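The values are calculated or read from the model by the stated rules, or taken from the named source; none is laboratory data. None of the values given here were measured: they were computed from a predicted structure. All Cβ positions, glycine included, derive from the backbone under ideal geometry; neighbour counts span all protein chains shown. These accessible areas exclude ligands, DNA and RNA; they are computed on the full protein's heavy atoms, side chains included. Shrake-Rupley method; radii C 1.70, N 1.55, O 1.52, S 1.80 Å.
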Amino acid sequence: MSSDFEAYEQDFGTLTAEITNKIGRIPKLGGKEKTQLVLNVDKQLEEVRELMEQMDLEVREIPIQSRGMYQSRLKSYKGEMEKLEKDFKRSRIAYSDDVRNELLGEDAGSSESQRTHAYLYCVSPLFCLSEQVGQEILANLHSDREKIQRSRDRLRETDANLGKSSRILTGMLRR
């Protein structure tokens with residue numbers, strides 16, 4: 001049984017290495033290439049999840065005496081999987097000019113030198129995380145702005161309907 005687990009471990013190592021490589025390439029791509037690579041990584045992450053389930057089932061069948069060692073290895077693999085998923089999420093957002101232009105408009109002043117400058121600062125994980133948080137905040141603000149505009153439009157429409165209703169009732173009272 002432990003040989004099956006070790007075979008799963010080898011598959012896990014191979015898949016995670018491929019995923020890590022692809023995650024590193026995602027921010028540098030754009031358009032269809034980026035979309036295709038994102039879909040590919042998403043598919044591979046699903047394979048890793050299934051592999052983790054198989055490993056979990058194998059651990060349950062291992063005798064109690066040696067189960068602890070395998071459980072701790074499985075736990076570390078789960079931690080690595082969570083890290084991969086977080087990195088994948090960040091890589092889809094990071095350096096995304098499309099998202100930035102959509103939120104800020106085409107005239108947002110994102111010159112090539114500014115992008116290069118931001119890339120150089122993004123060498124540190126703290127700066128990358130700050131950039132990601134900033135992009136998420138901008139996306140949330142954009143969404144909130146749209147909701148507020150829709151609410152205002154509904155309010156104006158309701159106000160107009162109330163005005164009509166008031167005029168109709170006033171006319172009915174006069175008759």
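Using the Cβ of Lys86 as centre and a radius below 12 Å, the other residues enclosed give a net charge of 0, where K and R count +1 and D and E count -1.
Taking max minus min of the alpha-carbon positions on each principal axis, segment 11-52 gives extents of 31, 14, 9 Å, largest first. What the Cβ-Cβ distance of Glu80 and Glu6 gives, at R0 = 22 Å and to the nearest 0.05, is a FRET efficiency of 0.85. The calculated FRET efficiency for Thr35 paired with Ile148, based on their beta-carbon distance and R0 = 35 Å, is about 0.70. Between Glu61 and Leu173, full extension at 0.36 nm per residue minus the direct alpha carbon distance yields a gain of 32.1 nm.
In sequence order, segment 133-149 has phi-based couplings of 4, x, 5, 5, 5, 4, 5, 5, 5, 4, 4, 4, 4, 4, 4, 5, 5 Hz under the Karplus curve 6.51 cos²θ - 1.76 cosθ + 1.60, θ = phi - 60°, and Gly or Pro positions carry x. Computed over protein heavy atoms with a 1.4 angstrom probe, the accessible surface ordering of Ile23, Ile168, largest first, is Ile168, Ile23.
In this simple spin-label approximation, Glu157 and Gln54 carry label points 7 Å from Cα along the Cα→Cβ vector, and these lie 5.3 nm apart.
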